[in-house]
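The values are calculated or read from the model by the stated rules, or taken from the named source; none is laboratory data. What you are looking at is a predicted structure, and each value in this text was computed from that prediction instead of being measured. No Cβ is skipped: glycine too gets one built from the backbone with ideal geometry, and neighbour counts run over all protein chains shown.
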Amino acid sequence: MSQAIAKLAERRQEQKQIQSEITEAAGGKLSASENRPRAKRILALAVALSILVLGPLKLNARRSSVIKEFKSGTETAYTESAYNFIMDAKSSAVKLNGYAKTAGETDATRALDAAIARLDGIDDENELLKAYKSLYAAADTVYKEYIAASGSDSDTAKEVRYWYKNLESTDNSLFNIAYWASAEDFNQDRSAFPAKLLAGITGIKAVPAK
């Protein structure tokens, strides 16, 4: 019992000593040689906190800004967003496949139906871009297969060709918007030290890129 009381008294004395030293440092009562090491430790702690706390916050805020551009475009070109173009491409693919299936369903048209369905309900932008690329490839296969089998002179063939060309135009527009430059800049900065380390620790992912 007496030992416990002694240890408690010792800890209280240590706390008082630390408090006294802090007070003396704040009041300038410590010598320069005593203040300098403490100042270095405080500075090192401040730098570490800035990197470990503010670093991820800034990186995540920047990612959110780039993702907003992916979804909504920029203030000067809000309609030119990757998301809007992908949805336009989906609509063209639905039309193309509808006309192509008038000649009968094939493995290619079923694959395009599945690719169209995959675009629904995807929240992750990287997965959305992957799904779009699969859709475009499937639509390309349907178009080439249909024209090879049915020719290009019928009214239905002209519709198939129209919607395929519309899909091509949308794809070209999609990959020429300002977003991709923003995405490249962010991903490059994210892959540099110490951002790469912080991104790995906090789970901040790269944004969709070409």
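Side notes on the structure shown:
One line per residue, one yes/no per condition, for (1) out of contact with any strand residue (DSSP E or B) (no Cβ under 8 Å at 6 or more places or on another chain); (2) modelled with pLDDT under 95; (3) aliphatic (A, V, I, L, M); (4) outside the structural domain of Ser92 (by TED's automatic domain parsing):
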position	(1), (2), (3), (4)
Asp140	yes, no, no, no
Ala148	yes, no, yes, no
Trp163	yes, no, no, no
Asp171	yes, no, no, no
Leu197	yes, yes, yes, yes
Lys210	yes, yes, no, yes
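- The set of residues in the stretch 73-93 being assigned to a helix (DSSP H, G or I) and either crowded, with 16+ Cβ neighbours inside 10 Å or at positive phi (or both) consists of Ala82, Tyr83, Asn84, Phe85, Ile86, Asp88, Ala89, Lys90, Ser92, Ala93.
- Any hit, the stretch 152-160, residues being assigned by TED's automatic domain parsing to the domain that holds Ala93, under 29 Å from Gly73 (Cβ atoms), at pLDDT 95 or above and not basic (Lys, Arg): no
- Residue that is surrounded by the most Cβ atoms within 10 Å (Cβ to Cβ) [pool: residues in the stretch 159-188 that are in contact (Cβ under 8 Å) with a residue 12 or more places away in the chain and under 13 Å from the mean Cα position of the chain (by Cα)]: Tyr179
- In the stretch 119-133, the residue that is nearest to the chain's Cα centre (by Cα) out of those that are surrounded by fewer than 17 Cβ atoms within 10 Å (Cβ to Cβ) and part of a helix (DSSP H, G or I) is Asn126.
- Filter result (of a type outside the set (Ser, Thr, Tyr) and under 16 Å from Ala93 (Cβ atoms)) within the stretch 148-178: Glu159, Val160, Arg161, Trp163, Lys165, Asn166, Leu167, Glu168, Asp171, Asn172, Leu174
So that you can scan it fast, the table gives a plain yes or no per residue for (1) surrounded by fewer than 18 Cβ atoms within 10 Å (Cβ to Cβ); (2) under 18 Å from the mean Cα position of the chain (by Cα); (3) part of a helix (DSSP H, G or I):
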site	(1), (2), (3)
Glu69	no, yes, yes
Glu105	yes, no, no
Ala108	no, no, yes
Leu112	no, no, yes
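- Any hit, the stretch 191-205, residues being β-branched (Val, Ile, Thr), outside any helix (DSSP H, G or I) and under 30 Å from Ile147 (Cβ atoms): no
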